[in-house]
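Working notes, structure below.
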Amino acid sequence: MNQKPATPPVAWIETTASLEALAPRWKAARRLAVDTEANGFHAYRPRTCLIQVAWEEAGGARCVLVDPLALGGRLGPLAERLEDPGQEKILHGADNDVRLLARDCDVSLRGLVDTQICARLAGFARTGLVPLAAALLDARLSKAGQRLDWARRPLDRRAMDYAASDAMLLLPLREALVSRLRAMGRWAWAEEECRLLEKVRMGPEKPVDPYQLASRLKGAGALDGQARRVLLALVAWREEQARAIDRPAHFLVEPRTLLNLARQRPRSFEALSRAGLPPQACRRWGSRLLELIRDPPPPPPRLPRPARAPRPEIPAPRLEALKALRRRKAEELGLEEGTVLPTAVLREVAREPAGSPADLLARGMRQWQVGVLGKAILALGDDLSGT
């Protein structure tokens, strides 16, 4: 029978003094389990709102919830622990955690062990925390807290317990997965992937392109000229307003309603409501929306696309030979094809013949991927020549 993980004793940390008091215990721990919560469902620009830290000590497992908002993103001794490559930090699906910690808290995470990467390399098809907890630990996790507004204070006990349970579960999950990988001779693969993941960072914030945003709306391509102009105006307004009030764009007007407004071009508050605009949105933004619908501004200029240097075409025989090789190796290893070699990397390898393992690395392959596929790729030789 699945068991719900026991809720550990949880302390709320919001002062530098509290961080300092915990520093010796964190330093003495063999490894730290770390999770973060952001307010992505409630903000235009998500930020790190909570950091959960769990560890084992003589009296059992412990967990604390660190409030980076109260600390102004200054994590003091916790940052020192997170940046120590000699102490493991266990996270799950850490791509976003690594990026947000670097941007919001100026922390360069080191010593990462990502249990999702471990699960993928161990051959699990479902690598989310919920299915892995059930399969490996016979534990039942709730995901009811995923859409909570983690920036709100105070957090209630249910939210705190939810946050702590994921971090606590990472400790035994790491043990189960790393043991499997070591037995399979794949632990070095996971280490390489985790070291690379430590380097990811947020890219520069790109300017809003109303044309691109509008093109993503299902049905936008069928609009006539004037309706398309209205839609562009509404999309641009929604992004600007969402940024100003720090709310997700869909919080203002849902995509389906945007399309209805562009198609129907209502002329009154009643018509706005019939098009699907909720009463609160009508009261708050109805006048401005009617103005934009009645007299949309000229469409903004299209943003220039980045210039790309011409590249060699990918010979079809080479591409197909590599796909077949990847398929066979994935079946042999019991892994997803994209794990054995991502399609983007496969295409780079197919574009031009490689003469050495160094060439394969330069095209984006990992060391472990070169180890399992490199000789076979290089041996294909003339089969990849496209002739």
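Some values worked out for this structure:
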{"quantity": "Cβ pairs under 9 Å, 6+ apart, first in the range 78-97 and over 18 Å from L50 (Cβ atoms), second of a type in the set (S, T, Y) and surrounded by fewer than 24 Cβ atoms within 10 Å (Cβ to Cβ)", "calculated": "E83/S108"}
{"quantity": "2 or more residues open to solvent by 30 Å² or more (accessible area, probe 1.4 Å) and farther than 21 Å from A190 by Cα: qualifying helices (runs of 4 or more DSSP H) within the range 32-121", "calculated": "95-105"}
{"quantity": "Qualifying positions in the range 9-31 - farther than 15 Å from D67 by Cβ, open to solvent by less than 50 Å² (accessible area, probe 1.4 Å), in a helix (DSSP H, G or I) and not aliphatic (A, V, I, L, M)", "calculated": "W26"}
{"quantity": "Any hit, the range 256-274, residues being β-branched (V, I, T), under 32 Å from the mean Cα position of the chain (by Cα), closer than 22 Å to E239 by Cα and surrounded by 12 or more Cβ atoms within 10 Å (Cβ to Cβ)", "calculated": "yes"}
{"quantity": "Within the range 311-336, tally of residues that are assigned to a helix (DSSP H, G or I) and either open to solvent by 40 Å² or more (accessible area, probe 1.4 Å) or within 9 Å of A350 (Cβ to Cβ) (or both)", "calculated": "12"}
{"quantity": "Check on A236, assigned to a helix (DSSP H, G or I), hydrophobic (A, V, I, L, M, F, W, C), open to solvent by 10 Å² or more (accessible area, probe 1.4 Å) and in contact with a helix residue (DSSP H, G or I) (Cβ under 6 Å, 6 or more places away or on another chain)", "calculated": "yes"}
{"quantity": "Residues satisfying the stated conditions in the range 171-219, i.e. of a type in the set (A, V, I, L, M, F, W, C) and at pLDDT below 90", "calculated": "V208"}
{"quantity": "Breaking point among (1) within 15 Å of K323 (Cα to Cα); (2) under 26 Å from the mean Cα position of the chain (by Cα); (3) assigned to a helix (DSSP H, G or I); (4) free of Cβ contacts under 8 Å to residues at least 60 places away in the same chain, for M365", "calculated": "(3)"}
{"quantity": "The range 198-224: number of residues that are assigned to a helix (DSSP H, G or I) and under 23 Å from P304 (Cβ atoms)", "calculated": "8"}
{"quantity": "Meets criteria (under 30 Å from D35 (Cα atoms), modelled with pLDDT of 95 or more and of a type in the set (A, V, I, L, M, F, W, C)) for L234", "calculated": "no"}
{"quantity": "Only listed residue being open to solvent by 90 Å² or more (accessible area, probe 1.4 Å) and over 28 Å from R45 (Cβ atoms), chosen from R308, R284", "calculated": "R308"}
{"quantity": "A321 being in contact with an Asp or Glu (Cβ under 7 Å, 6 or more places away or on another chain) and modelled with pLDDT of 90 or more", "calculated": "yes"}
{"quantity": "Pairs, first β-branched (V, I, T) in the range 251-276, second surrounded by 15 or more Cβ atoms within 10 Å (Cβ to Cβ), C-beta under 7 Å, six or more apart", "calculated": "V253/R238; V253/L277; V253/A281; T257/A275; T257/G276; T257/L277"}
{"quantity": "The listed residue being of a type in the set (D, E), open to solvent by 50 Å² or more (accessible area, probe 1.4 Å) and within 29 Å of the chain's Cα centre (by Cα), out of D246, D224", "calculated": "D246"}
{"quantity": "A119 free of Cβ contacts under 8 Å to residues at least 60 places away in the same chain, farther than 15 Å from V200 by Cβ and not acidic (D, E)", "calculated": "yes"}
{"quantity": "Filtered residues of the range 46-63 (kept if in contact with an Asp or Glu (Cβ under 7 Å, 6 or more places away or on another chain), farther than 13 Å from M168 by Cβ and either free of Cβ contacts under 8 Å to residues at least 40 places away in the same chain or not β-branched (V, I, T) (or both))", "calculated": "R47, C49, L50"}
{"quantity": "Criterion violated by F251 - all others in (1) modelled with pLDDT under 95; (2) over 30 Å from R47 (Cα atoms); (3) surrounded by 12 or more Cβ atoms within 10 Å (Cβ to Cβ) satisfied", "calculated": "(2)"}
{"quantity": "So R157, is it modelled with pLDDT of 95 or more, out of contact with any Leu (no Cβ under 9 Å at 6 or more places or on another chain) and more than 16 Å from V53 (Cβ to Cβ)", "calculated": "no"}
{"quantity": "Candidates A163, A144, filtered to the one that is at pLDDT below 95, among the aliphatic types (A, V, I, L, M) and surrounded by fewer than 16 Cβ atoms within 10 Å (Cβ to Cβ)", "calculated": "A144"}
{"quantity": "Residues that are closer than 21 Å to C194 by Cα and loosely packed, with under 12 Cβ neighbours inside 10 Å, drawn from the range 344-361", "calculated": "A344, A358"}
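The values are calculated or read from the model by the stated rules, or taken from the named source; none is laboratory data. In this text the structure is predicted, and so the values were computed from the model without any measurement. Neighbour counts run over all protein chains shown; Cβ positions are idealised from the backbone, glycine included. Keep in mind that these areas ignore ligands, DNA and RNA; they rest on the heavy atoms of the full protein, side chains included. Shrake-Rupley method; radii C 1.70, N 1.55, O 1.52, S 1.80 Å.
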